[in-house]
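One structure is given here, and the rest of the page talks about it.
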Amino acid sequence: METLMTRRAILAGGAATVIAGTSASGASTKAWVNSRAIPLSRVGEATQWLLSNFRGEMERATSGTPFSVELACAMACQESAYAWIDPNFRKGRSPSGVLRLIVLDASDKRGAFPRNEKEFRRHPTLGKITDELIAVADEARDARGVTKKRGTLMYGYGLFQYDLQNSLTDPEFWLSPAPGSSAASRQHGLWGSIDACVDRWRKEMDGKYKAARGDLWEAVKRYNGSGSDADLYKQFVFDNFTEIRRLKIV
């Protein structure tokens, strides 16, 4: 794992991260990253909210695994806290209502299914919920005060940003009735359920951990992907994890 020193500075419009340090080989590294991660100064606040609402579910999901509640919180902070850390986003909403609105990632360039809305709409079973997912995406945008790209599909769902590509192997996550929804509303999708969110996170991490041959931080990197961006992701999660441990709040 690279030895990196991280400094986070809050700039107008969001967080910016400066990564500087040395690689394991001793080579100098430096990069500016416009990160969606929340600053370290707010990781404790975010973790407190997670624990006050979902501690039990996280404890059950991580029990008997190589993973911990601290890691779950650290990854949730990196994956989606930039959306829900704002008290106005959570105001007047139940914890499950907050989860339901964590629909993010409007990526324009994708190699995985669905590469775009048209491809998803053409799918013989999934396509029928395309308009519903777009409506949910717009509701999530409204909750965050985002006006761009309305009427388009989003690709990340729930606390750990379970990607829509998984709908091919896990269609139930998107096609099952939404928890607490009425027959009249006919809402679909399980990302409003913390049990469903942590279950998918743990299963994905199980696979990444096995592929990484028991290297926990390599598994975290693989959760994001590969290459330099995934290396940065791993470092950001490690920063969050270290801060949570330092605060002793779990």
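Details
- Here the contact order of the stretch 123-250, divided by its residue count and restricted to Cα pairs under 8 Å and six or more residues apart, works out to 13 percent.
- Taken about its Cα centre, the stretch 84-204 carries a charge dipole of roughly 280 debye when the Cβ of each Lys and Arg holds +1 and the Cβ of each Asp and Glu holds -1.
- Restraint check, 109/208; 91/210; 91/221; 148/248; 149/210; 148/210, Cα-Cα greater than 31 Å: 91/210; 91/221; 148/248; 149/210; 148/210
- Of all aspartates and glutamates in the structure, the ones whose alpha carbon falls short of 15 Å from that of residue 118, not counting any fewer than 8 places away in one chain, are 108, 131, 132.
- Label positions at residue 176 and residue 230, each projected 7 Å from the Cα along the C-beta direction, are separated by 2.8 nm.
- Gyration tensor verdict on the stretch 148-250 (Cα atoms; rounded if a/c is under 1.5, prolate if a/b is larger than b/c, oblate otherwise): prolate
- If you take the Cα centroid of the stretch 198-234 and the Cα centroid of the stretch 79-106, the two points sit 24 Å apart.
- Charge context of residue 116, other residues only, Cβ under 11 angstrom, K/R +1, D/E -1: +3
- Net charge of neighbours whose Cβ lies under 14 Å from the Cβ of residue 196, counting Lys and Arg as +1 and Asp and Glu as -1: -1
Any read-out appearing in this document is the output of simple, stated calculations on the displayed coordinates, not a laboratory observation. This is a predicted model, so every value here is computed, not measured. Here Cβ is always computed from backbone atoms with ideal geometry, including for glycine, and neighbour counts include all displayed protein chains.
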